[in-house]
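Values quoted throughout were computed directly from the atomic coordinates according to the rules given, and no laboratory measurement underlies them. Just so we're clear, the structure is a prediction, and the values are computed from it rather than from any experiment. Note that each Cβ is placed from the backbone with ideal geometry, even for glycine, and that neighbours are counted across all protein chains shown.
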Amino acid sequence: MDKSVGLAYVLWLFLGLIGVHHFYIGKVGRGIGYLLTLGWFTIGWWVDLFTLASQVRRRNMERRMGLR
């Protein structure tokens with residue numbers, strides 16, 4: 001089942017500093033990193049504002065192709 005870009009952004013906004021949006025799209029390692037560093041000291045959290053939609057689309061495409 002595809003992940004929702006909208007839900008990913010809601011998770012980013014409210015729980016993004018602890019990486020919940022990365023856990024949601026299946027990036028567990030990055031989620032743990034965010035959890036331990038508060039979103040890579042907030043810099044990664046801001047970068048995700050502009051890149052999260054493409055991250056979700058890439059994960060959905062990989063899942064459809066059977067790569068993940």
For every other residue with a beta carbon closer than 14 angstrom to the beta carbon of VAL10, add +1 if it is Lys or Arg and -1 if Asp or Glu, then tell me the sum. 0
Taking just the C-alpha trace of the chain, give me its Rg and Dmax in Å. 11.3, 34
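What percent does the relative contact order of the chain come to when contacts are Cα pairs within less than 8 Å and at least six residues apart? Intermediate values should be presented prior to the final figure.
Values: 67 pairs, mean separation 22.2, N = 68.
In percent, rounded to a whole number, it is 33.
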